[in-house]
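Step one of this worksheet: look at the structure below.
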Amino acid sequence: MSKRQMHLAGFMHASQVVHSHAIWRHPKTHSGFLTPEYYQNVARILEQGKFDLVFFADILATPDRYGNSFETSIKYGSQGAVTLDPVLVATTMAVATEKIGVGVTRSATYYHPYDLARTFATLDHLSKGRAAWNVVTSSGDATAQNFGIEKHLEHDTRYDRADEFLEVAFKLWDSWKEGALIVDKEQGIFADPTKVDYLHHSGKWLKSRGPLTVPRTPQGRPVIIQAGSSGRGKEFAARWAETIFTSPLTPADMKTFYQDVKSRMAKYGREPQECKILPAVVPFVGETESIAKEKQAFHHELVHPLVGLASLSNVLNYDLSEFPLDKPLSELEFREGGRTMFEQVLKLSQNEGLTLGEIGKRYGQSRLVLQIVGSPTQIADQLEAIFLDEAADGFVISPAYIPGAFEDFVDLVIPELQRRGLFRKEYTGSTLREHLGLIRN
């Protein structure tokens with residue numbers, strides 16, 4: 001067995017698409033994205049494959065930046081056109097499984113720490129120690145306006161506020177000490193009040209008295225996931241994240257990101273192994289390379305250019321309908337939005353000379369997440385090369401159709417990774433923190 005083992009996460013949206021905007025059109029995709037069975041089936045498949053966790057991204061506003069209308073997003077089913085509350089969806093998955101972790105995105109900008117600390121403590125109890133929180137700061141004025149705020153906070157300011165947000169959340173989770181809950185029926189003692197504390201937090205952004213109304217959870221606190229790729233986002237991750245979801249364009253970019261974040265952790269008194277970095281990939285697996293390429297080509301043709309542009313406009317906070325579809329994208333002036341994606345799109349346009357329509361189609365195929373194509377052996381080869389090059393601690397697997405893409409990976413690729421000693425054959429723990437090899441501080 002290899003001394004160092006991969007970690008794997010399944011990536012989901014509580015909606016009709018994920019990174020792939022072709023999912024809802026794909027003939028192998030079940031159409032039950034509004035039902036619990038749809039998600040529970042995914043969780044069982046990934047648990048069969050011994051995945052560490054499945055986690056949900058989230059979008060808090062219907063994309064309406066393209067043409068300053070939601071018409072295109074709704075018509076073609078872009079990411080964000082429909083999004084259920086992922087906390088409730090993840091809970092249904094947790095009760096249908098026994099081992100796999102369940103992670104949920106929640107914004108540190110549009111909720112209060114008490115609300116989210118209570119939510120994730122509850123999820124950790126109901127899942128018996130398998131909860132994770134993907135901390136985001138959100139983007140776009142449309143999200144702000146859904147919460148009654150006219151203008152979204154500036155990028156770095158959101159992270160400044162998020163630092164304090166997590167300080168408060170951690171205090172709330174620690175407000176119930178180990179052993180505080182007694183439940184002694186004979187003596188009539190429910191809990192030890194000397195092991196429960198107030199917070200009395202009053203900071204620049206936030207106030208909270210505490211204590212939390214949820215007793216200490218099996219993990220002590222949920223695993224913290226983070227996905228920021230800007231300089232400020234990486235600094236935030238180096239301080240707080242225990243798992244990082246990232247989506248560099250190439251294996252070389254993955255290694256650069258990996259080394260950058262790991263090198264930042266020491267200033268926060270953390271060791272590199274305290275954070276698992278998992279870049280995303282979209283696999284197309286076939287019994288042969290030819291079959292895999294056919295699957296990829298079929299999938300790509302299902303993507304309408306406008307569905308990608310509607311989604312991309314929202315991420316960039318830029319109305320791309322201002323530009324002709326049949327010409328290369330001219331230089332754009334950066335506006336507040338997805339800074340990392342902005343740079344990736346410009347790089348792609350300049351390097352390949354793609355028209356705006358071609359960029360929309362490319363973006364809609366996987367939101368520029370790296371696609372890997374081939375037989376089970378070839379897929380395993382690609383993952384192994386990145387992993388052994390220390391450019392990743394594992395991978396986020398994003399499906400091209402549901403549930404079949406996950407089934408293909410579990411049935412065909414997982415056995416090959418196990419044969420090479422790169423991935424577990426059985427779970428050795430019960431909590432998500434144990435799966436990831438994380439020590440609770």
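Worth a mention:
- Test: Ala169 is open to solvent by less than 20 Å² (accessible area, probe 1.4 Å) and more than 29 Å from Lys276 (Cβ to Cβ): no
- Among the residues of this structure, Ala94 counts as one that is open to solvent by less than 10 Å² (accessible area, probe 1.4 Å) and of a type in the set (Gly, Ala, Ser).
- Scope segment 219-240; condition touching a residue at least 60 places away in the same chain (Cβ under 8 Å), touching a strand residue (DSSP E or B) at 6+ places or on another chain (Cβ under 9 Å) and not charged (D, E, K, R); matching residues: Gln219, Pro222, Val223, Ile224, Ile225, Gln226, Ala227, Gly228, Ser229, Gly233, Phe236, Trp240
- Of the residues Ala81, Ala94, the single one that is at pLDDT 95 or above, more than 21 Å from Gly228 (Cβ to Cβ), small (Gly, Ala, Ser) and assigned to a loop (DSSP other than H, G, I, E, B) is Ala81.
- Tally, over segment 268-285, of residues that are among the charged types (D, E, K, R) and surrounded by fewer than 18 Cβ atoms within 10 Å (Cβ to Cβ): 2
- Filter result for Phe70 (open to solvent by 20 Å² or more (accessible area, probe 1.4 Å), farther than 14 Å from Ser313 by Cα, out of contact with any Gly (no Cβ under 8 Å at 6 or more places or on another chain) and not basic (Lys, Arg)): no
- Here Leu370 meets the list (1) at pLDDT below 95; (2) within 24 Å of the chain's Cα centre (by Cα) almost entirely, failing just condition (1).
- Exclusive hit being without any contact (Cβ under 8 Å) to a residue 24 or more places away in the chain and not acidic (Asp, Glu), set Ile59, Ile100, Ile74: Ile74
- Residue check, Met265 without any contact (Cβ under 8 Å) to a residue 40 or more places away in the chain, under 21 Å from the mean Cα position of the chain (by Cα) and open to solvent by less than 20 Å² (accessible area, probe 1.4 Å): yes
- Strands (runs of 3 or more DSSP E) contained in segment 176-263 and holding at least 3 residues touching a Phe, Trp or Tyr at 6+ places or on another chain (Cβ under 8 Å): 181-184, 223-226
For every residue, the table says whether it meets (1) assigned to a helix (DSSP H, G or I); (2) of a type in the set (A, V, I, L, M, F, W, C); (3) closer than 17 Å to Val102 by Cα; (4) under 22 Å from the mean Cα position of the chain (by Cα).
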{"site": "Ala385", "(1), (2), (3), (4)": "yes, yes, no, no"}
{"site": "Ala392", "(1), (2), (3), (4)": "no, yes, no, yes"}
{"site": "Ile414", "(1), (2), (3), (4)": "yes, yes, no, yes"}
{"site": "Ser430", "(1), (2), (3), (4)": "no, no, yes, yes"}
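- Top-ranked residue of segment 1-23 - restricted to ones that are in a loop (DSSP other than H, G, I, E, B) and in contact with a strand residue (DSSP E or B) (Cβ under 7 Å, 6 or more places away or on another chain), ranked as surrounded by the fewest Cβ atoms within 10 Å (Cβ to Cβ): Met6
- Some residue of segment 124-134 being of a type outside the set (S, T, N, Q), in contact with a helix residue (DSSP H, G or I) (Cβ under 6 Å, 6 or more places away or on another chain), over 26 Å from Glu407 (Cβ atoms) and in contact (Cβ under 8 Å) with a residue 40 or more places away in the chain: yes
- Among the conditions (1) of a type outside the set (S, T, N, Q); (2) more than 17 Å from the chain's Cα centre (by Cα); (3) part of a loop (DSSP other than H, G, I, E, B), His300 misses just one, which is (3).
- Selection status of Thr288, surrounded by 19 or more Cβ atoms within 10 Å (Cβ to Cβ) and under 24 Å from Ile379 (Cα atoms): no
- Only listed residue being surrounded by fewer than 18 Cβ atoms within 10 Å (Cβ to Cβ), farther than 15 Å from Val282 by Cβ and not basic (Lys, Arg), chosen from Ile359, Ile414, Ile439: Ile439
- Among (1) at pLDDT 95 or above; (2) exposed (fewer than 15 other Cβ atoms within 10 Å of the Cβ) - the single one Thr217 does not satisfy: (2)
- Residue within segment 61-71 that is under 16 Å from the mean Cα position of the chain (by Cα) and closer than 26 Å to Thr243 by Cα present: no
- Pair list, Cβ under 9 Å, 6 or more apart: segment 9-32 residue of a type outside the set (D, E, K, R), other residue open to solvent by 20 Å² or more (accessible area, probe 1.4 Å) and in a strand (DSSP E or B): Ala9/Phe245; Phe11/Phe245
- The conditions of being of a type in the set (A, V, I, L, M, F, W, C), without any contact (Cβ under 8 Å) to a residue 60 or more places away in the chain and open to solvent by 20 Å² or more (accessible area, probe 1.4 Å) are not met by Leu116.
The values are calculated or read from the model by the stated rules, or taken from the named source; none is laboratory data. Here the structure is a predicted model, which is why all the values come from computation and not from measurement. Positions of Cβ are generated from backbone atoms using ideal geometry, with glycine treated the same way; all protein chains shown enter the neighbour counts. Note: accessible area is taken over every heavy atom of the protein model, side chains too, but ligands, DNA and RNA are not part of it. Shrake-Rupley method; radii C 1.70, N 1.55, O 1.52, S 1.80 Å.
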